[in-house]
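Engineer: Attaching a single structure in structure tokens format; questions to follow.
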Amino acid sequence: MIQALLGAGLLCLAALGSEPLFKQDFQTETDFPQIFCGVEGGSYLIEIQSGSYTLDFPIPGLEAADFRLEVTFILEGFRGEVGYGAYFRDGETGGYEVELTQDGSVYLWRYDESGYELLLEYRNVLWVEAPGENRVSLECRGASVSLWVNGHRVFAFPGLAPGEGGLGLWATTYDPKGSIRLRLGELVVFP
């Protein structure tokens, strides 16, 4: 707990002096899709009741090459195999996804019109296992990406294709009878 607070404090100090490109406190309605979703109690609730289904949440008007995204994921419940996370550099040639799963694993994927390629895989690394709360910080600088979860660095990957593109969040159920109940809180994107 103390390490998580210290890590969060360091991230906050790093943010001083730079204005956010985007900030959503989820106290009012958002531009995100409202199907199975909505603002509730100061967070954004995603609920997929059953079936294999993916919801994408593009962050409006943001196509930055370099950024730091911070968001809290609160996995309240699930059935079957589920995934959630962030995607970035989602352009004509494809993009990247960071995926967190119900068992506490983290993956980095590259995707394009030909499909998905697994770049990194870290099994059972989330310090607060689901169901639970994880503060995620995703930073993209030039050709490299770094991920922190609860103030701990999970990975740094130097082999990205340079370029700008979209940025957003997503949640999915992989099983025909799967379900997920996920909250998003305190979403901020810095340059």
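Only the coordinates and a few stated rules stand behind these numbers; no lab work does. This one's a predicted model, so the numbers in the text were calculated from it and none came from an experiment. Glycine also receives a Cβ, built like all others from the backbone with ideal geometry; neighbour counts cover every protein chain displayed.
Engineer: Rank by packing, highest mean first: peptides 56-63, 99-106, 157-164, with packing defined as the count of other Cβ atoms within 10 Å averaged across residues.
Structural biologist: Ranking, from highest mean packing down: 99-106, 56-63, 157-164.
Engineer: What translational diffusion coefficient, to the nearest whole µm²/s, does the range 46-126 have by Stokes-Einstein, given a Kirkwood radius computed over alpha-carbon pairs, a temperature of 4 °C and 1.567 mPa s viscosity?
Structural biologist: 91
Engineer: Each residue of the range 78-94 in turn: what ³J(HN,Hα) in whole Hz from Karplus with 6.51, -1.76, 1.60 and θ = phi - 60°, glycine and Pro shown as x?
Structural biologist: Running phi through 6.51 cos²θ - 1.76 cosθ + 1.60 with θ = phi - 60° gives 7, 9, x, 8, 10, x, 7, x, 10, 10, 7, 6, 8, x, 4, 9, x Hz.
Engineer: Can you give the extra length, in nm with one decimal, that the chain gains between Ser144 and Thr54 once fully stretched, where that is 0.36 nm per residue apart less the Cα-Cα distance?
Structural biologist: 29.7 nm
Engineer: Right, something else. Find, to one decimal place in angstroms, the Kirkwood hydrodynamic radius of the range 147-191, where the mean of 1/r is taken over every pair of different Cα atoms and then inverted.
Structural biologist: Kirkwood radius, the range 147-191: 14.5 Å.
Engineer: Let me ask something else. In whole angstrom, how far apart do the alpha carbon centroids of the range 56-92 and the range 131-177 sit?
Structural biologist: First find each Cα centre; the distance between them is then 7 Å.
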